[in-house]
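This report refers to the structure that appears directly beneath it.
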Amino acid sequence: MDGHVLAVSAFTFARFGTSPYSWCEISMCEMWYSYPPIPFLLVAPFYTLDLSPLAARLALKVPALLGSLVLSHAVYRMSGDAKRAVLLLFNPLLLYIGPFRGHFDALAVGLMLESYVELEKRRIERAGVYAALSTLTKQYAPIILLAVLLTPRRRKDIPRFMTTAAIIGLAISAPFLLESPGGYLKAVLGFHAARFAMNYGFFGIPLLGGAIRRILIPVEPPSSLPPEVGVMTGILLTLPLVYGLIHLYRKAWNGDINEKEALTGGVVAMLGLSKVVNIQYFALLAALDVSLLQWTLLAVSGMVKGFDLLKSLPPWGQSPVSYWNPEALALDGTALDGLSRLAAFVLYIPVLVTLKDLTRRLILGNPPRSESASRD
């Protein structure tokens, strides 16, 4: 579905000059393209051409393929480990969410890590440029990089960093903000604030709970909450993340954690304490020391959850611009669907344990002051 949304957004912009933000307002849709503009801007130039279905599908993967290269390069710059960087290109999870499914999270994460490297090298303006590009791909970077910027050695760089990031960010997003401020803000911020907990959010509790419910009551319940109640519930569910980030930011400010620990803590907060964590969000794990076994189990988890692998296989001659209704959707809400989600949760446990340990150590616990942290 995400691929179809990106394809239609890029096609509509390329052929008619209509952005997904104004298009959604015109059609009065409640949920459509819910990302910043860079992903559809990368695909749109290809959709000015009359592409075959296969070529259109390949064009849709441009942000994902570019993201694989950027992420590998960023990890090499961070670690100095060429082998690790090359192997990342063949990482089972990143191959599944990127080149196979077309998610562009690796691009957002790679640009964010490039920003972190530039901060470490004291090239503040470059760091701001990378941070802006990352944020305009997907909205991870501000939450995570803020923890790094609040550390004693980095907070004096905040004005230069923010000024550069704001200039680049506004230069790219201003046309869409001016054209449709309500549609842009709703897509980039409002939609996400109002979402319910799902999938791997809150350490997988929604995934496990959804699995048990489907097994015991194999019927999709009707959605009967008034819109206002739904929005308020979605906002309340962001409180665990806010609570964790306050703790993380306080530790960063006090110098209790160094820049690398602040980066790790931001990633862990996003993956552990967020109400919504989908399989593609785990591209953020590239910033952590995760084993190949954990990557592989997580990839299989994403494939079996709700039969998502089957739902990601459109007919060979199907253009991504055309909507496709996978036959596997008929299994949604059934006991079999529940069993697939239970299996996905079990496969997720090794990563869950790592995230919980890091959350306790870097965010919620009171570790001794890091030797490498500095107050200069």
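Would you mind stating whether MET198 is at pLDDT below 95, under 29 Å from VAL268 (Cβ atoms) and touching a strand residue (DSSP E or B) at 6+ places or on another chain (Cβ under 8 Å)? Criteria met by MET198.
I want to confirm something. Restricting to the stretch 328-370 and keeping residues that are among the charged types (D, E, K, R) and touching a residue at least 12 places away in the same chain (Cβ under 8 Å), which single residue is nearest to ASP2 (Cα to Cα)? So that I can check it myself, show each step before the final result.
Step one: list which residues in the stretch 328-370 are among the charged types (D, E, K, R), which gives 332, 337, 341, 356-357, 360-361, 369.
Filter once more, so that each one left must be touching a residue at least 12 places away in the same chain (Cβ under 8 Å): 332, 337, 341, 356, 369.
On the way: ASP332: 17, ASP337: 20, ARG341: 20, LYS356: 29, ARG369: 43 Å.
Checked the stretch 328-370; the qualifying residue nearest to ASP2 (Cα to Cα) is ASP332.
Picking from residues in the stretch 23-34 that are at pLDDT 65 or above and surrounded by fewer than 23 Cβ atoms within 10 Å (Cβ to Cβ), the one that is nearest to ALA108 (Cα to Cα) is SER34. Within the stretch 43-87, no residue satisfies the criterion of being in contact (Cβ under 8 Å) with a residue 40 or more places away in the chain and acidic (Asp, Glu). Against the numbered list (1) free of Cβ contacts under 8 Å to residues at least 12 places away in the same chain; (2) aromatic (Phe, Trp, Tyr); (3) surrounded by 23 or more Cβ atoms within 10 Å (Cβ to Cβ), PHE90 comes up short only at (3). Here VAL109 passes the criteria (1) touching a Cys at 6+ places or on another chain (Cβ under 9 Å); (2) surrounded by 24 or more Cβ atoms within 10 Å (Cβ to Cβ); (3) part of a helix (DSSP H, G or I) except the one numbered (1). Total residues in the stretch 112-153 satisfying the condition of being part of a helix (DSSP H, G or I), among the aromatic types (Phe, Trp, Tyr) and touching a residue at least 60 places away in the same chain (Cβ under 8 Å): the figure is 1.
The values are calculated or read from the model by the stated rules, or taken from the named source; none is laboratory data. Treat the numbers as computed from the prediction; the structure is a model and nothing was measured. Heads up, the Cβs are rebuilt from the backbone with ideal geometry, glycines too, and the neighbour counts pull from every protein chain shown.
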